[in-house]
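Everything below concerns the one structure shown next.
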Amino acid sequence: MKVRIAPGGFEFEAAPEQTLLRAADAAGIELPSSCRNGTCRTCICLLRDGQVRHTIDWPGLSAEEKTEGWILPCVAQPLSDVTLEVPQAFSVFGDA
């Protein structure tokens, strides 16, 4: 599935069983992260388009945050092409 990162304009592929954070890492795109298990909230970002599923029943998000579209890429897998809003994202290769 295609993953787009706004506003940086980065794009990469993610397999359905792969978390968005791992897919970004594999593509050389750095997203904020720390614990990688859905508790610290360092990676929290807005899902602007598409659908994901979290790999844990209740990630470190409130019900209100989930309703507003916030996700944790460290424990989120794509169910469709997705667009994430991650202003702090950057390419380790220095290009888009």
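The values are calculated or read from the model by the stated rules, or taken from the named source; none is laboratory data. Bear in mind that the values here come from a model prediction, so they are computed numbers and not experimental data. FYI the Cβ positions are ideal-geometry reconstructions off the backbone, even for glycines, and counts take in every protein chain you see. Only protein heavy atoms, including side chains, enter the accessible area calculation; ligands, DNA and RNA are left aside. Shrake-Rupley method; radii C 1.70, N 1.55, O 1.52, S 1.80 Å.
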Check: Between residue 90 and residue 51, how many nm apart are label points set 7 Å from Cα along the C-beta direction?
Finding: 3.6 nm
Note to self: So, for the chain, what is the accessible surface per residue at a probe of 1.4 Å, expressed in square angstrom?
What the structure shows: 53 Å²
Check: Given a 1.4 Å probe and every protein chain left where it sits, what share in percent of the accessible area of segment 4-80 is carbon and sulfur?
Finding: 47 percent
Notebook entry, point to check: Taking the Cα centre of the chain as origin and charging only Cβ (+1 Lys, Arg; -1 Asp, Glu), how large is the dipole, in debye to the nearest 20?
Noted result: 140 debye
